[in-house]
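Okay, structure first, notes after.
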Amino acid sequence: MGYSGGVDSQLMATLLARWQSHHPDIPCHLLHVHHGLSANADSWAEHCQRSAEQLGLAIEIIPVQLNPGPRESVEALARTARYQAFKQRICAQDILLTGHHLDDQAETLLLALKRGSGPKGLSAMPAQQPLGAGRLLRPWLAFERAELEAAARELGLAHIEDDSNQDLRFDRNFLRHQVLPQWQQRWPGVKRSLARSAELCAEQQQLCDELAQQDWQACVLPGQGLSLTNSEGFSLARRNNLLRYWLALQDALLPSRVQLAQLQDFWTARPDSQPQLDWGEWSVRRYQQGLYLLAKAPPVLPTQEVFGPDPLANGEHWKLVSRDSGPRLSLPQGLSGLTVCYGLPGSLRLHPVGRNGSRPLKKLWQEYGVPPWQRDRVAMLCYHDRPIAALGYWQESWAQSTHGQGWCPEPG
């Protein structure tokens, strides 16, 4: 579990230790992220180490380095670093527990409202969600901070008091100490009302995601492109919903509302134009009737790599599936001799299945609508250094199986 040593996590760690005493076959341990932001950070880590030993729980102290730049939120950087550390350590079937409670949920919703967030941000924190290879659970979202503090006092638990929690320069602390107490005094049930609004926003976001997933299936182009033609008749709201979903699929920083509005111009641009919109480390470009997302500094690819079960250097994951009909590759049963090449010369002549004769690779890229900036990143599956397929685009005629079993590349 994520363990800060504060009252909520101290209570959870205590109950977790009691639970493990009845389930000794299920390993439980604590993760304490040492941000180094406070002069007391070392003593907090020592407290957590001692407390874990007393509880009989294993603990890992994880140091992280934060380098906030101008106008960057220290709170946001610390949260990102914390969850990244958790994600790196969680394995399949693992569950990470955190002590977030109803007050945290209300504060998170109000912070999202202050930022002008839509349903996704206003959904605040779900009770459970995927995290890395495992899952994150927040079992205390229905409990107020005061209830947890009362339980900790009754058990006589010693916990850490983070001095920064009183610093009103931090937005969350301002809401916690100035805004919510006044709201609670006037409207005693306001925290639960805010949590209910978050749940309703989460439902709306789920509907948006389900629609976007259907639209994405209808509009996807090779190379994670987005078809302008198939989405041309969408309403503005539906198109924006699809754009957000498409960008999130590729882990891109979402553009601002103004930049999202500028992307609408790509649908009405001249067919022969190639407009481009840049923000942060990302860029969206139009080529023919498709939109494509690029990282401004994409990783350098090797000229060749071995084809296997692991993701390829270009980030894609492919597997070979046995087929008895249709276009399929004739390969040895053990699939030996397979490599993937990148950046093959445009003058190389290739012959896709269903085409009459061979063509230069450069001409094929144009015919298949592959944007110039993507061509060197397309994985070319080779057998003993001879291309047999452009993964995601075509298979080569010479490598086809004419009868019996063969192999077909499919996204993994």
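Descriptive notes on the structure:
- Residues being in a helix (DSSP H, G or I), closer than 17 Å to G392 by Cα and more than 18 Å from the chain's Cα centre (by Cα) - total across the stretch 201-243: 3
- R115, sole failed condition from (1) surrounded by 13 or more Cβ atoms within 10 Å (Cβ to Cβ); (2) in contact with a helix residue (DSSP H, G or I) (Cβ under 7 Å, 6 or more places away or on another chain): (1)
- Answer from Q20, Q105, Q10 - the residue that is closer than 19 Å to N173 by Cα and either open to solvent by less than 50 Å² (accessible area, probe 1.4 Å) or in contact with a Ser or Thr (Cβ under 6 Å, 6 or more places away or on another chain) (or both): Q105
- Number of positions in the stretch 256-278 that are among the polar types (S, T, N, Q), closer than 19 Å to L221 by Cβ and open to solvent by less than 70 Å² (accessible area, probe 1.4 Å): 2
- Residues that are over 29 Å from the mean Cα position of the chain (by Cα) and among the acidic types (D, E) were ranked within the stretch 375-410; the one that is least open to solvent (accessible area, probe 1.4 Å) is E396.
- Scanning the stretch 320-336 for residues that are assigned to a loop (DSSP other than H, G, I, E, B) and either modelled with pLDDT of 95 or more or surrounded by 14 or more Cβ atoms within 10 Å (Cβ to Cβ) (or both) yields P327, R328, S330, L331.
- Residues that are surrounded by 16 or more Cβ atoms within 10 Å (Cβ to Cβ), of a type in the set (D, E, K, R) and assigned to a loop (DSSP other than H, G, I, E, B) do not occur anywhere in the stretch 170-186.
- Leading residue by the ranking (nearest to L194 (Cα to Cα)) among those in the stretch 125-149 that are open to solvent by 20 Å² or more (accessible area, probe 1.4 Å) and of a type in the set (G, A, S): A142
- Test: residue in the stretch 62-80 that is in contact (Cβ under 8 Å) with a residue 40 or more places away in the chain, in contact with a Lys or Arg (Cβ under 8 Å, 6 or more places away or on another chain), under 30 Å from Q182 (Cβ atoms) and open to solvent by 40 Å² or more (accessible area, probe 1.4 Å): yes
- Enumeration of residues in the stretch 1-37 that are of a type in the set (G, A, S) and part of a strand (DSSP E or B): G2
- W365 at negative phi, open to solvent by less than 30 Å² (accessible area, probe 1.4 Å) and either among the acidic types (D, E) or in a helix (DSSP H, G or I) (or both): yes
- Each residue in the stretch 223-255 was checked for being within 23 Å of Q204 (Cα to Cα) and open to solvent by 70 Å² or more (accessible area, probe 1.4 Å), and 9 of them qualify.
- Selected residue (only one of S235, S231, S227 is modelled with pLDDT of 95 or more, over 21 Å from G121 (Cβ atoms) and in contact with a strand residue (DSSP E or B) (Cβ under 7 Å, 6 or more places away or on another chain)): S227
- Of all residues in the stretch 285-299, those being out of contact with any Asp or Glu (no Cβ under 8 Å at 6 or more places or on another chain) and either assigned to a loop (DSSP other than H, G, I, E, B) or among the hydrophobic types (A, V, I, L, M, F, W, C) (or both) number 7.
- Of all residues making up the stretch 39-56, the number that are surrounded by 13 or more Cβ atoms within 10 Å (Cβ to Cβ), in contact with a helix residue (DSSP H, G or I) (Cβ under 7 Å, 6 or more places away or on another chain) and farther than 26 Å from E144 by Cβ: 1
- Filtered by the rule that a residue be open to solvent by 80 Å² or more (accessible area, probe 1.4 Å) and either part of a loop (DSSP other than H, G, I, E, B) or charged (D, E, K, R) (or both), the stretch 300-319 gives V300, T303, P309, D310, P311, K319.
- Q214 modelled with pLDDT of 95 or more, open to solvent by 40 Å² or more (accessible area, probe 1.4 Å), more than 23 Å from A76 (Cα to Cα) and not basic (K, R): yes
- Every condition in (1) touching a Leu at 6+ places or on another chain (Cβ under 8 Å); (2) open to solvent by less than 60 Å² (accessible area, probe 1.4 Å) holds for E281 except the one numbered (2).
- In the stretch 330-343, the residues that are of a type in the set (G, A, S) form Cβ pairs under 6 Å with partners that are open to solvent by less than 30 Å² (accessible area, probe 1.4 Å) and assigned to a loop (DSSP other than H, G, I, E, B), at six or more places apart or across chains, as follows: S330/S401.
The values are calculated or read from the model by the stated rules, or taken from the named source; none is laboratory data. Just so it is clear, the structure is predicted and the values come from calculations on it, not from any experiment. Positions of Cβ are backbone-derived with ideal geometry, glycine not excepted, and every protein chain shown enters the neighbour counts. Quick note on the areas: whole protein, heavy atoms, side chains included, nothing else; ligands and nucleic acids left out. Shrake-Rupley method; radii C 1.70, N 1.55, O 1.52, S 1.80 Å.
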